[in-house]
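Structure, as structure tokens:
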Amino acid sequence: MKDELFKIGSLTVHGYGLMITVGIIAAYLILEQRAKRKGYNPDTAFDMAVCAALGGAIGAKLLYYIVEIKSIIQDPRILLNITNGFVVYGGIIGGSAACIIYCRVKKLKTLEWFDMVLPEIAVAQGFGRIGCLLAGCCYGAETTCPIHIVFKESMFAPNNVWLYPTQIMSSLGNFLNFCLLVFVVPRFFKKSGVVSAFYLIFYSIGRFAIEFFRGDAERGAVGALSTSQFISIFIFAAGVALFVLCQKFSAIPAPVSAEQNAEESETQASEETKETEE
């Protein structure tokens, strides 16, 4: 695979950055349509998407710095490279924190909105892993398995050897996660927060498993586990705890009618007008 896809004048379009962008746009478009269909304010959906994207980018970068602190101490120039080096779990934590703050400020029902947003996060992650495939990062270990991938011009993965296609496996897993969260889980569980809980459960299980096939061992370790596997244990536990709490205490979310949605939009517009006049 090749990260440098094509050039427009002096601008080089990289596969990794392009797929991240495509993932964010696709996630937002799906979120907007689902929000409208369920009667939620699409403007709020846009704000949540922005919070998730910005918080996710910051969190993913910060956790990368934490994981690579030894390398950064040896070569501080790593800090200058802002386009490479992100840790997905940092993105999940950072994006979630940003959305929680937004919900608190706007006095929104946090769990209901998380149930709306998190499936789309899985979509963005699916496209992001395609970007990893194009760049050659997050590559698999060497294998003799008939199902493999061979890189020819990668700056990260070993070239001309059979490797587990971990990027493709991760991408398909994330898209499957989206389908389960949108089409399966809501059929059996109606309470607020359950979709969010299953996102944490499904993703942590998938990430824990895929780590056994990864070949980029320099990502850090905690004992016999990789850093991501270690974090996955706590994410899985958080998902199970959230599921149990939602089953006991969470109320079934009432559908938001189109009239209520219109009233919410009119109220928001009225407040903005008053602020402008003041």
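No value in this document is a laboratory result; all are computed from the given coordinates. Since this is a predicted model, take the numbers as computed values, not measurements. Backbone-built Cβ (ideal geometry, glycine too); neighbour counts: all protein chains shown.
Taking H as built 1.01 Å from N, whose amide H comes closer than 5 Å to the amide H of F151, not counting residues under 5 places away?
Distant-sequence amide H within range of F151: N160, V161.
Tell me, how many Å apart are the Cα centres for the range 118-139 and for the range 192-251?
17 Å
Apply 1/(1 + (r/R0)^6) to the Cβ-Cβ distance of A97 and C145, taking R0 = 30 Å, and write down the FRET efficiency to the nearest 0.05.
Calculated transfer efficiency: 0.20.
Looking at the calculated P(r) for the range 79-160, what percent of the C-alpha pair distances fall above 15 Å?
69 percent
Could you please rank V13, V117, placing first whichever residue has the fewest other Cβ atoms within 10 Å of its Cβ?
V13, V117
Across the range 4-254, how many lysine pairs, 8 or more positions apart or on different chains, have C-alpha atoms separated by under 27 Å? Please give the number.
Close lysine pairs under the 27 Å cut-off: 26.
Give the residues of the range 176-199 whose amide nitrogen is closer than 19 Å to a point set 7 Å from the Cα of K106 in the direction of its Cβ.
Only 192-193, 196 pass the distance filter.
Please list, ordered by chain and number, the residues whose modelled amide H lies under 5 Å from the amide H of G140; skip anything fewer than 5 residues away on the same chain.
Y164, T166, Q167, G215
With r defined as the distance between the Cβ atoms of L176 and I30 and R0 fixed at 22 Å, what FRET efficiency is calculated, to the nearest 0.05?
Working from the Cβ atoms, E equals 0.90.
Over the Cα atoms of the range 141-245, what is the Rg over Rh ratio if Rh follows Kirkwood?
With Rh from the inverse mean 1/r over Cα pairs, Rg/Rh is 1.07.
I need the peptides 159-166, 147-154, 50-57, 87-94 ranked by packing, meaning the mean over residues of other C-beta atoms within 10 angstrom, with the highest value on top.
Ranked by mean Cβ neighbours within 10 Å, highest first: 87-94, 50-57, 159-166, 147-154.
Given 25 °C and 0.890 mPa s, how large is the Stokes-Einstein diffusion coefficient of the range 6-130 in µm²/s, with Rh as the Kirkwood radius over Cα pairs?
157 µm²/s
As a footprinting exposure proxy, order M116, M155, M48 by other Cβ within 10 Å, with the fewest listed first.
With the fewest neighbours first, M116, M155, M48 line up as M155, M116, M48.
For L225 and Q247 in the same chain, what is the full-extension length gain: residue separation times 0.36 nm, less their Cα-Cα distance, in nm?
Result for the pair: 4.8 nm of gain on full extension.
I'd like the Karplus ³J(HN,Hα) series for the range 171-177: coefficients 6.51, -1.76, 1.60, θ = phi - 60°, whole numbers in Hz, and an x wherever there's a Gly or Pro.
Going residue by residue, I get 4, 4, x, 5, 5, 5, 4 Hz, with x marking Gly and Pro.
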